[in-house]
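Read through the structure below, which is laid out as structure tokens, and then see the notes.
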Amino acid sequence: MGGLISLLGVVRPTMLVWVVPYDLLIAVLIALDALLLPRPSRFRVVRLHEAVLSLGTANRIDLVLSGEGIPPLRVRLRDEPPPDCPFDRREFDLTLYPDKPAQVQYHLTPLYRGEARFEDLFLRVEGRLGLVYGFYRLPARERVPIYPNLLQLREYELLRHRGLLRQMGFRQTRLRGLGTEFESLREYTIDDEFRRIDWKATARRGKPIVRDYQIERSQNVILLFDAGRNMLAEVEGMRKFDAVLNTGLMLAYVATQMEDKVGALVFADEVEQFLPPQRGRGQVAKLVHALHAVQPRMVEADYLYAITYLAQRWRKRSLMVLFTDLIDPDASRVLLHALAGLARQHLCVCVTVSDPRLHAWSQQLPLSPEQLYRRAIATQVLTDRLAAARTLERMGVSTLDAEPETLVPALVNFYLQAKARGVL
């Protein structure tokens, strides 16, 4: 409007006398709008979240903003999440009413274990007349520990109760009719195997009777985590060590649900931690507490020392799950030698994290020398990993190579199948 008055003043000079009064009016309105802005003490903000954040998954963060004794205001709220944690959004436009809290939410995905540092929140308030903005810094600094993925344990428990475990990729494994421990006798059905017929009971009752078996309980599962330099590599934005740590804790949770004993050993160039196998949900809590702060180091892992250390302290037959990385048969020669001795007494499985980029590059049609070189390297790496895996399988060690998204269900399904077949 001031510009319009000035333009009209070019045609009619008498109009220019209104420019100064108009500017003074606007200045008074701006000052009045600024004076009517609420004081910072009128605003309160609370950041709500779990006591610990879960690694590699979307954690919900709630922000609750309230104003005391204020008129309805249009505001923009901005959080300052940790810079190394991806988030879906952090700014929110909303209308704040007097004595009526406004709540918004976003999701944060930590990529590294340790500590998430949240900064203060910032608030921009539009004046009642819409002429000014007030900017406020609301104190909300805090540090929140980042643990391995605990949310997937809750999701597993919820889906298990609802019978929807297939949604997480888990197979429905029958627990009756399989295994090695006798449970009960029942009449033969057309789906039963002949080898399960109890001929003595059949003769007594005059009709086919079969034996039902149940999966054995109180078996032993030991998780061996390689914390050497090979596990520092990142896949889909997460270190391989963090991916296998989430997977191992999920297996521990499932195993304790099956009433098995679970333990763990962490090693690099030396053994860092050893927790002997125990049963019960309390053991999972002990594992989480003991392993959440473990970080891989830039050293070469000593597989032979770790397995010798374990053999001196644990002799009962167990499912040994080694989380490591396979490079090629030559580079993994020490690992192959160590697992060969372990496989004579225990059921062993070597778990590795597959990089989906390698598979994509190995199948990509090269359109440039760079893409041709990338395809050749990816193909060579995959071939070497496959050769190392086949060497392990010839030695009686099972191998499991999966991408981070499918690693958990793949390992849990392997464990359930091993128990169902009675090989543990």
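Nothing in this text is a laboratory measurement; each read-out follows from the coordinates by a stated rule. Fair warning: this is a prediction, and the values are worked out from it, not measured in the lab. Ideal geometry is used to build each Cβ from the backbone, glycine not excepted, and the neighbour counts take in all protein chains shown.
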At a 10 Å Cβ-Cβ cut-off, how would you order Lys261, Lys316, Lys200, fewest neighbours first? Lys200, Lys316, Lys261
Reach of Lys261 by Cα under 27 Å, taken over lysines that are not fewer than 8 positions away in the same chain: Lys240, Lys286, Lys316, Lys419
I'd like the FRET efficiency for Asp62 and Phe194, computed as 1/(1 + (r/R0)^6) with the beta carbon distance as r and R0 of 56 Å, rounded to 0.05. 0.40
Go through Val408, Thr352, Phe135 and say which Cα lies farthest out towards the positive end of the charge dipole of the chain; charges sit on Cβ, +1 for Lys and Arg, -1 for Asp and Glu. Val408
Only counting other Cβ atoms within 10 Å, I'd like Thr308, Thr247, Thr109, Thr95 sorted with the fewest neighbours first. Thr95, Thr308, Thr109, Thr247
Two pseudo-spin positions, 7 Å from Cα along C-beta at Glu119 and at Glu270, lie apart in nanometres by 4.0 nm
Could you tell me which GluC sites (Glu not before Pro) in the stretch 26-120 are loop residues by DSSP with no more than 16 other beta carbons within 10 angstrom of their beta carbon? Glu50, Glu68, Glu119
In nm, what is the difference between 0.36 nm times the number of residues separating Arg313 and Leu32 and their Cα-Cα distance? 93.4 nm
Rank Pro145, Pro81, Phe122 by how far each Cα sits towards the positive end of the charge dipole of the stretch 40-147 (+1 on Lys, Arg Cβ; -1 on Asp, Glu Cβ) and give me just the farthest. Phe122
One finds, for Glu405 and Arg44 with R0 = 41 angstrom and r their Cβ-Cβ distance, a FRET efficiency to the nearest 0.05 of 0.55
Amide H of Gly263 versus every other amide H placed in the peptide plane: which residues, excluding those fewer than 5 positions away on the same chain, fall under 5 Å? Val221, Ile222, Leu223, Gln278
Where in the stretch 25-46 is the amide nitrogen less than 17 Å from a point lying 7 Å along the Cα-to-Cβ axis of Leu8? 25-26
About its Cα centre, the stretch 40-147 carries a charge dipole, from +1 on Lys and Arg Cβ atoms and -1 on Asp and Glu Cβ atoms, whose size in debye to the nearest 20 is 220 debye
Suppose every Lys and Arg Cβ carries +1 and every Asp and Glu Cβ carries -1, with no other charges. What dipole size does the chain come out with about its Cα centre, to the nearest 20 debye? 1440 debye
If Arg128, Arg315 are placed from fewest to most neighbouring beta carbons inside 10 Å, the sequence is Arg315, Arg128
Using amide H atoms built 1.01 Å from N in the peptide plane, name the residues 5+ places from Glu115, or on other chains, whose amide H lies under 5 Å from its own. Ile146
